[in-house]
Amino acid sequence: MVIRYTRQREAILRLLRTTSSHPTANEIYLQVSEEIPNISKGTVYRNLRVLQKIGLISELDLEGTNVSRFDAKQDNHYHFKCEKCGGIFDIDVSVNNKLDQHITLNTGLKVLHHHLEFHGLCHRCQEF
Ligand code: ZN
Ligand code: MN
């Protein structure tokens, strides 16, 4: 049993590490089902919680999305949400750490990190 659960967890983690699409729990379930046909939705959800708790993945809750998405990329990075196709993309521009200092200097609040999300049209959606 333990081995099976581990295999399921590994399959979920492997999937998240090989995609940049920030899939929903349901999308993860559908994909992992191809590898492990008898996996249940509950197992996928439970393993997502465990992976999140141990810090291997994070849950993204971006503005205007009614369902959580998951990300295995754990270094701090910004996201872009396309308002037309709903796609969520990683922004390949380094996080602006000066912003943390700027906030600290101006407010006295000790900023440890920040999250930013951008909204607009992706490359593909700008063509149509
Ligand atoms: Zn788009
Ligand atoms: Mn990401």
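The values are calculated or read from the model by the stated rules, or taken from the named source; none is laboratory data. Only a predicted model underlies this, so the values are computations on that prediction, with no experimental measurement involved. In this analysis, Cβ positions are derived from the backbone assuming ideal geometry, glycine residues included, and neighbour counts consider all displayed protein chains. These area figures cover heavy atoms from the full protein model, side chains too; ligands, DNA and RNA do not enter into them. Shrake-Rupley method; radii C 1.70, N 1.55, O 1.52, S 1.80 Å.
At 1.4 Å probe radius, can you tell me the per residue accessible area of the chain in Å²?
Numbers: 8750 Å² over 128 residues.
Result: 68 Å² of accessible area for each residue.
Restrict the search to the stretch 94-128; then list the trypsin sites (Lys or Arg not before Pro) that DSSP places in a loop and that have at most 16 other Cβ atoms within 10 Å of their Cβ. Walk me through the numbers on the way to the answer.
On the way: sites: Lys98, Lys110, Arg124; in loops: Lys110.
Those that pass, being in a loop and sparsely packed, are Lys110.
Indicate, rounded to the nearest 5 percent, the antiparallel portion of the DSSP beta bridges found entirely in the chain. Don't skip to the answer; put the middle values down first.
On the way: 8 of 12 bridges.
In the chain, approximately 65 percent of DSSP beta bridges are antiparallel ones.
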Using a Cα-Cα cut-off of under 12 Å, which aspartates and glutamates could be cross-linked to Lys84, ignoring same-chain neighbours fewer than 8 residues away?
Glu127
Kirkwood Rh and Cα-based Rg: tell me the resulting Rg over Rh for the chain, rounded to two decimals.
1.05
So what's the angle, to the nearest 10 degrees on a 0 to 90 scale, between helix 2-17 and the longest Cα principal axis of the chain?
40
Gaussian network model of the chain, Cα within-10 Å springs - most flexible of His79, His113, His22
His113
What percentage of the solvent-accessible surface of the stretch 88-128, computed with a 1.4 Å probe over protein heavy atoms, is contributed by carbon and sulfur atoms?
58
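Report, to the nearest whole %, how much of the accessible area of the stretch 1-74 belongs to carbon and sulfur atoms, 1.4 Å probe, protein only.
Numbers: 2310 of 4540 Å².
Looking at the stretch 1-74 in its full context, I get 51 percent from C and S.
Of all trypsin sites (Lys or Arg not before Pro) in the stretch 1-94, which ones are in loop regions per DSSP and have a Cβ with at most 15 other Cβ atoms within 10 Å?
Values: sites: Arg4, Arg7, Arg9, Arg14, Arg17, Lys41, Arg46, Arg49, Lys53, Arg69, Lys73, Lys81, Lys84; in loops: Lys73, Lys84.
Hits after loop and neighbour filter: Lys73, Lys84.
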What is the helix-to-structure angle for 25-35, meaning the angle in degrees between its Cα long axis and the longest Cα principal axis of the chain, kept from 0 to 90 and rounded to the nearest 10?
40
GNM on the chain, C-alpha springs below 10 Å: top fluctuator among Ile39, Ile54, Ile28?
Ile54
